[in-house]
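**Q** Right, I'll just put the structure down here and ask away after.
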Amino acid sequence: MGKNSNSLKKNQKTESDLPQESSAANGPSYDVTRTSGFLKELWKRINDVDVTGLGAQLAFFFLLSIFPLLIFLITLLPYLNIAENQIYDFMGNVVPGEIYLLIEETLNEILTQENRSLLSFGLIATIWSASLGMNALIKSLNRSYGVEENRPILIARGMSIITTVLMIFILLIALVLPIFGRQIGIFIFSFFGLEEGFLETWNTLRFTIPPLIIFVVAAVIYWAAPNVKLDYKSVLAGAAFTSIGWLAVSFGFSVYINNFANYSATYGGIGGVIMLMLWLYVSAILLMVGGQINAVMQSRRDIIKRDNKNAG
């Protein structure tokens, strides 16, 4: 009898031995209604989700997709009656200087070769590689919201592809609006009988499109990608963080490269590629951290809603 009870005790697992669910699934580990608790919970989820590891995966697929995407956009421009330098101007507003020069040089080298299949190749390669990167982002968002990816594989894969296509569509709008902004502004102001002075305001506002486009792209991803139903308002905080952070990091990265770093001395001819990869990595981390902010904000809203319901 004593031996049997001892063997039962040995076979029993304590609560600490059992596999634990993520903190997101069980609820936040800190009081997220307080600023300090919110920041602690955010930091915990960033580590639990492995943002740095998945960010590296996302950056790799960003690198694979960036040139096919730009090739696709540039080869599409003649059909839209848009000047080629417009896409370079757009890149110059969001990409650090040294990295911009690398991208411009590479694109010019590719585009000097006559190849009519560039348009279809660019589109297919962009969707394939970027959608693979989306899978890493979806994985991080699902972990943070505490949900499993139980959607059928075709739906999950389709969501990655649809999100990628939406990104391309939004980028096309970003290219078109600065060019046709004046014509659009004239039509709107004349239709409503507004004074011509508003046209100058429009011409100024249309140059805010790059940061606004980053915000819209991030918001669409945060809303559509995770396997959870979200209100569009619940993703605005993370999208704002990502867009502002991206511009700040790009500016800081440019200043750092131009004044302090010398990657060419360390990496030689591939110094530009290393800089591009590092910038994409930081950008990917920002995108993922924005998703974690939204998830913690969602937990905060749920707790406040529950407390208000219990109090009532």
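**Q** Report whether or not residue 234 is of a type in the set (S, T, N, Q), modelled with pLDDT of 85 or more and either over 18 Å from residue 89 (Cβ atoms) or part of a helix (DSSP H, G or I) (or both). First the steps, then the outcome.
**A** On the way: of a type in the set (S, T, N, Q): yes; modelled with pLDDT of 85 or more: yes; either over 18 Å from residue 89 (Cβ atoms) or part of a helix (DSSP H, G or I) (or both): yes.
Considered against the rule, which asks whether it is of a type in the set (S, T, N, Q), modelled with pLDDT of 85 or more and either over 18 Å from residue 89 (Cβ atoms) or part of a helix (DSSP H, G or I) (or both), residue 234 comes out as yes.
**Q** Shifting gears a bit: Would you confirm, using the coordinates I've provided, whether residue 228 is buried (at least 17 other Cβ atoms within 10 Å of the Cβ) and at pLDDT 85 or above? Don't jump to the end; show me each part of the working.
**A** On the way: buried (at least 17 other Cβ atoms within 10 Å of the Cβ): no; at pLDDT 85 or above: yes.
The answer is no for residue 228.
Per-residue answers, yes or no, for (1) of a type outside the set (Lys, Arg); (2) part of a loop (DSSP other than H, G, I, E, B); (3) modelled with pLDDT of 75 or more:
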{"site": "83", "(1), (2), (3)": "yes, yes, no"}
{"site": "108", "(1), (2), (3)": "yes, no, no"}
{"site": "122", "(1), (2), (3)": "yes, no, no"}
{"site": "141", "(1), (2), (3)": "yes, no, yes"}
{"site": "144", "(1), (2), (3)": "yes, no, yes"}
{"site": "161", "(1), (2), (3)": "yes, no, yes"}
{"site": "175", "(1), (2), (3)": "yes, no, no"}
{"site": "180", "(1), (2), (3)": "yes, no, no"}
{"site": "187", "(1), (2), (3)": "yes, no, no"}
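The values are calculated or read from the model by the stated rules, or taken from the named source; none is laboratory data. All values reported here derive from a predicted model rather than from experimental measurement. As a convention, Cβ positions derive from the backbone with ideal geometry for all residues, glycine included, and neighbour counts pool all protein chains shown.
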